[in-house]
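Colleague: Mind having a look at this structure? Questions to follow.
The values are calculated or read from the model by the stated rules, or taken from the named source; none is laboratory data. Keep in mind that what you see is a predicted model, and the values were worked out from it rather than measured. Ideal geometry is used to build each Cβ from the backbone, glycine not excepted, and the neighbour counts take in all protein chains shown.
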Amino acid sequence: MGKTIVEAKDICLTYHEINGETQAVDHLSFSVAKGEFVSIVGPSGCGKTSVLSMLAGLLEPSAGELHLEGGRPGYMLQRDHLLDWRTIEGNILLGLQVQGRLNAQTRENALSLLKTYGLYDFVHSYPRQLSGGMRQKVALIRTLACSPDLLLLDEPFSALDYQTRLTLADEIHAILRKEGKTAILVTHDIAEAISMSDRVLVFSGRPARLKGEHAIHLTAPDSPLKRRNAPEFKEYFDTIWKELDKNV
Amino acid sequence: MSEEKKVPAYSQEHRAYLNSLRRKDRFVTAMRYLLLVACLLIWEVAARLNWIDPFIGSSPARLTAAILRLYQSGELWLHIGITLYETVVGFLLGTLLGTLVAILLWWSPTLSRILDPYLVILNALPKIALGPILIVWFGAGVESIIVMGLLISLVVTIMSVLAGFNAITGEKQLLMRTLGASKLQIFTMVVLPASVPTIMNALKISVGMSWVGVIVGEYLVSKAGLGYLIVYGGQVFNLDLVMASIVILCLLAAIMYYAVAYLEKGICQRMGI
Ligand SMILES: Nc1ncnc2c1ncn2[C@@H]1O[C@H](COP(=O)(O)OP(=O)(O)O)[C@@H](O)[C@H]1O
Ligand SMILES: [Mg+2]
């Protein structure tokens, strides 16, 4: 494995609201190496999105230390949030434009991503002309266009139907491997986590603590769909399932 | 024939269905015109047979004659021009100012909270009550009328445009923040374009309000304009003139509304939404 590019040491996060405070993350420590694909699973509402928000720099940890190598991480949300009034081209260039990095070369690079991943025919189409899976792929390309080293994926498949979800997970996994990206995927789907990652982090219920950590070694080709059929798959699934099932 | 050539793939049944839709459309359009013609006819006949007194009820023929007289004396375009000018300027200023204030209030939620009760009160206040003050401040002329047209639509514009801005979901703004966008970029690249439909709808309402403001303004102070004609006609008991002015007003207001609606369609189409 490469060098560590994410290092969280005892990070905590508390939300303050008028009618009380919510501790969302409690002394959480983990690290991610360059090129690794790490998944985070945990009960809903346990603080997974909060952790990603801190990694993305949208929130400051209330305590603890958080180190990130490289520039701004790319963030992919559950919904694609493509802008209706921009063409696909306009949408994938949004990040570059915002960051003032749009030039002939970065633009060419973004368009070549569209070409590589089979969406170039839609470059002048509007988002509403695309299916849900395609839209989510465009959202990924919008993220990749800014060439981040680290990608944060917050349940990017959960708004899609099952079929699309499996295919897209496969495609996106291939894209990220090909582009040599480091990725942290949040999901509540254990099978998705095992099939896509090198390592799975299991979070406790709120406030999120690290409950378990599983390095995944499957004797199957490096494709999420095929990895689901690996003989060891079920074992990992059962272990993680039981870990999640145990209270606190 | 040519329509059928364009859609050869449709089944017999679907064509029949389309035809029935088209027939219905034609029926509705025909009925609209028929209603207008019938009303005019009945009105004319009632006036001629003295069922209603033409002196106080006028009639389509007398009304047309009144318009013709205005036209021949050269006054028609003067009155139309003045009222149109006041309305367009009042409307544009009101929209511009209202949108600017709404942007300011979106930018600073604290300011928005501070000003909220004042906006509510200003909205509830019948702006017409300010008429005498406006006359003292801006003089008994076109300026007062324009300000009246502006004021009457201003608060509504502020409130509906601000509501439009605030309705843009937090998640789209979150996306922009993950890309590293500044507040100004979030506004110009997401919030403003996403609220164009709401803003256009607000315009359709405020264009009507501006007419109200201008006509009321002309009732209070004016030497020309359609509002002036209406008041003057009422004072000298020339109901033909009053009705003629109202008909012209109807046409103008409708044209302006459709112009805004047309603009809306054009903009939305260009934005692909
Ligand atoms: N902005 C916020 N203000 C207050 N509480 C929040 C906020 N965001 C999340 N929370 C609370 O923090 C907890 C963790 O939320 P989140 O990180 O979204 O969980 P997950 O992504 O694992 O479902 C939840 O109880 C949620 O209600
Ligand atoms: Mg979440």
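Colleague: I need the helices (runs of 4 or more DSSP H) fully contained in region B:114-202, keeping only those with at least 1 residues that are within 14 Å of another protein chain (Cβ to nearest Cβ) and in contact (Cβ under 8 Å) with a residue 12 or more places away in the chain. I'd like the intermediate steps shown before the answer.
Modeller: Values: elements: B:131-138, B:142-166, B:170-178, B:183-186.
Because the criterion is at least 1 residues that are within 14 Å of another protein chain (Cβ to nearest Cβ) and in contact (Cβ under 8 Å) with a residue 12 or more places away in the chain, the helices (runs of 4 or more DSSP H) in region B:114-202 that meet it are B:170-178, B:183-186.
Colleague: Looking at (1) among the charged types (D, E, K, R); (2) within 14 Å of another protein chain (Cβ to nearest Cβ); (3) more than 16 Å from ligand 2 (Cβ to nearest atom); (4) crowded, with 17+ Cβ neighbours inside 10 Å, which is the only condition A:Arg79 fails?
Modeller: Every condition holds for A:Arg79 apart from (3).
Colleague: Conditions: (1) over 16 Å from the mean Cα position of the chain (by Cα); (2) away from chain A (no Cβ under 14 Å); (3) assigned to a helix (DSSP H, G or I); (4) surrounded by fewer than 18 Cβ atoms within 10 Å (Cβ to Cβ). B:Tyr228 meets all but one. Number of the miss?
Modeller: (4) is the only condition that B:Tyr228 fails.
Colleague: Here is a further query. Of the numbered conditions (1) in contact with a Phe, Trp or Tyr (Cβ under 7 Å, 6 or more places away or on another chain); (2) not in a strand (DSSP E or B); (3) not basic (Lys, Arg), A:Ala24 satisfies every one except a single condition; which is it?
Modeller: Failed condition: (2).
Colleague: Consider A:Ala110 carefully, then state whether it is small (Gly, Ala, Ser), more than 16 Å from ligand 1 (Cβ to nearest atom), buried (at least 19 other Cβ atoms within 10 Å of the Cβ) and not in a loop (DSSP other than H, G, I, E, B). Give the derivation first.
Modeller: On the way: small (Gly, Ala, Ser): yes; more than 16 Å from ligand 1 (Cβ to nearest atom): yes; buried (at least 19 other Cβ atoms within 10 Å of the Cβ): yes; not in a loop (DSSP other than H, G, I, E, B): yes.
It is true that A:Ala110 is small (Gly, Ala, Ser), more than 16 Å from ligand 1 (Cβ to nearest atom), buried (at least 19 other Cβ atoms within 10 Å of the Cβ) and not in a loop (DSSP other than H, G, I, E, B).
Colleague: Could I ask something else about it? In this structure, does A:Ser50 turn out to be more than 10 Å from ligand 2 (Cβ to nearest atom), hydroxyl-bearing (Ser, Thr, Tyr), surrounded by 17 or more Cβ atoms within 10 Å (Cβ to Cβ) and under 15 Å from the mean Cα position of the chain (by Cα)?
Modeller: On the way: more than 10 Å from ligand 2 (Cβ to nearest atom): no; hydroxyl-bearing (Ser, Thr, Tyr): yes; surrounded by 17 or more Cβ atoms within 10 Å (Cβ to Cβ): yes; under 15 Å from the mean Cα position of the chain (by Cα): yes.
For A:Ser50, the condition - more than 10 Å from ligand 2 (Cβ to nearest atom), hydroxyl-bearing (Ser, Thr, Tyr), surrounded by 17 or more Cβ atoms within 10 Å (Cβ to Cβ) and under 15 Å from the mean Cα position of the chain (by Cα) - is not met.
Colleague: Looking only at residues in region A:14-46 that are within 12 Å of ligand 1 (Cβ to nearest atom) and within 15 Å of the chain's Cα centre (by Cα), which one is modelled with the lowest pLDDT?
Modeller: A:Gly42
Colleague: List the pairs whose first member sits in region B:238-254 and is under 14 Å from B:Gly227 (Cβ atoms), whose second member is buried (at least 16 other Cβ atoms within 10 Å of the Cβ) and among the aromatic types (Phe, Trp, Tyr), and whose Cβ atoms are under 7 Å apart, counting only residues at least 6 apart or on separate chains?
Modeller: As it stands, the answer is B:Ala253/B:Trp211, since those pairs meet every condition given.
Colleague: Let me ask something else. Is it the case that some residue within region A:52-59 is farther than 30 Å from B:Ser195 by Cβ, within 13 Å of ligand 1 (Cβ to nearest atom) and not aromatic (Phe, Trp, Tyr)?
Modeller: Quick first cut of region A:52-59, residues farther than 30 Å from B:Ser195 by Cβ only: A:54-55.
Okay, now just the ones that are also within 13 Å of ligand 1 (Cβ to nearest atom), so A:54-55.
Filter once more, so that each one left must be not aromatic (Phe, Trp, Tyr): A:54-55.
Yes, the conditions are met somewhere in region A:52-59.
Colleague: Considering only region A:26-47, state which residues are within 13 Å of ligand 2 (Cβ to nearest atom) and among the hydrophobic types (A, V, I, L, M, F, W, C).
Modeller: First pass over region A:26-47, keeping only residues within 13 Å of ligand 2 (Cβ to nearest atom): A:40-47.
A:Ile40, A:Val41, A:Cys46 - these are the residues of region A:26-47 that are within 13 Å of ligand 2 (Cβ to nearest atom) and among the hydrophobic types (A, V, I, L, M, F, W, C).
Colleague: For residues that are farther than 15 Å from B:Ile248 by Cα, without any contact (Cβ under 8 Å) to a residue 12 or more places away in the chain and surrounded by 13 or more Cβ atoms within 10 Å (Cβ to Cβ), tally how many sit in region B:51-76.
Modeller: Summing the residues that are farther than 15 Å from B:Ile248 by Cα, without any contact (Cβ under 8 Å) to a residue 12 or more places away in the chain and surrounded by 13 or more Cβ atoms within 10 Å (Cβ to Cβ) in region B:51-76 gives 2.
Colleague: Please give the strands (runs of 3 or more DSSP E) falling wholly within region A:139-216 in which 1 or more residues are aromatic (Phe, Trp, Tyr) and farther than 21 Å from A:Pro127 by Cα. Don't jump to the end; show me each part of the working.
Modeller: Numbers: elements: A:150-154, A:182-187, A:199-203, A:210-215.
Qualifying strands (runs of 3 or more DSSP E): A:199-203.
Colleague: Go through region A:62-76 and give me each residue that's surrounded by 21 or more Cβ atoms within 10 Å (Cβ to Cβ) and part of a loop (DSSP other than H, G, I, E, B). So that I can check it myself, show each step before the final result.
Modeller: The first filter runs over region A:62-76 and keeps only residues surrounded by 21 or more Cβ atoms within 10 Å (Cβ to Cβ), leaving A:73-76.
Across region A:62-76, the qualifying residue is only A:Pro73.
Colleague: For region A:171-211, give me the residue count where each residue is within 16 Å of ligand 2 (Cβ to nearest atom), modelled with pLDDT of 90 or more and among the polar types (S, T, N, Q).
Modeller: 1
Colleague: Evaluate region A:97-105: report whether one residue or more is away from chain B (no Cβ under 14 Å) and crowded, with 16+ Cβ neighbours inside 10 Å.
Modeller: Filtering region A:97-105 for residues away from chain B (no Cβ under 14 Å) gives A:103-105.
The next check asks that each one be crowded, with 16+ Cβ neighbours inside 10 Å; those that pass are none.
Among the residues of region A:97-105, not one is away from chain B (no Cβ under 14 Å) and crowded, with 16+ Cβ neighbours inside 10 Å, which makes the answer no.
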